[in-house]
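Read through the structure below, which is laid out as structure tokens, and then see the notes.
Quick note: the coordinates plus some simple rules give every number you see, no bench work behind them. What you are looking at is a predicted structure, and each value in this text was computed from that prediction instead of being measured. Ideal geometry is used to build each Cβ from the backbone, glycine not excepted, and the neighbour counts take in all protein chains shown.
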Amino acid sequence: MNNKTLNYIIIGLYLISLFTESFSGSGGVYGIFALIFGGLSIFIGNLFAFGAWIANIPFFIAFFRKLKLNTKLTLSGIAVLLGILAVFVTDLPMHMGSSTSPVKIGIGFYFWIGSLTLLFGKNLMEYIKLNKK
């Protein structure tokens, strides 16, 4: 599979994750809202949610910037590790932050972490191929 096809799959998975529930429970959270408002979780002390939200930054840098392959591999690996923190999120603010609601990861999480993992795998395969010679 060529890099262009992999890039389309990575972006496709990411886009699907934005329009599916990243967290489900009473008042599920769609990925687009998790992306937009996830950074605010630092203010309520939800470090797992904040860490998972931060995973988007190295993901976007590794995907869109022209960087050395070592840097892309490192950033995409960091994105996957930070993304896994979402598994530990047990409650999120609901109703304009006036209360919290118990949540668990939803189907959107799997699309999202899949896109992060696929980018890491793509960079790892390129790294191995480059250093094999």
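Quick rundown of the values:
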{"quantity": "Using θ = phi - 60° and Karplus 6.51 cos²θ - 1.76 cosθ + 1.60, couplings along segment 48-53 (whole Hz; Gly, Pro as x)", "calculated": "5, 5, 5, x, 5, 5"}
{"quantity": "Environment charge of Ala62, counting only residues whose C-beta is closer than 15 Å and scoring Lys/Arg +1, Asp/Glu -1", "calculated": "+4"}
{"quantity": "Whole-angstrom Cα spans of segment 3-128 along principal axes, big to small", "calculated": "48, 24, 19"}
{"quantity": "Contour excess over end-to-end distance, with Cα ends at Thr74 and Thr5 and 0.36 nm allotted per residue", "calculated": "22.7 nm"}
{"quantity": "Protection proxy ranking of 70-80, 56-66, 109-119, 1-11 - average other beta-carbon atoms within 10 Å, highest first", "calculated": "109-119, 70-80, 56-66, 1-11"}
{"quantity": "In nm, spacing of pseudo-spin labels at Ser99 and Leu81 (7 Å Cα→C-beta vector)", "calculated": "3.9"}
{"quantity": "Length gained when the stretch Asp91-Leu40 is fully extended (0.36 nm per residue, less Cα-Cα span)", "calculated": "17.0 nm"}
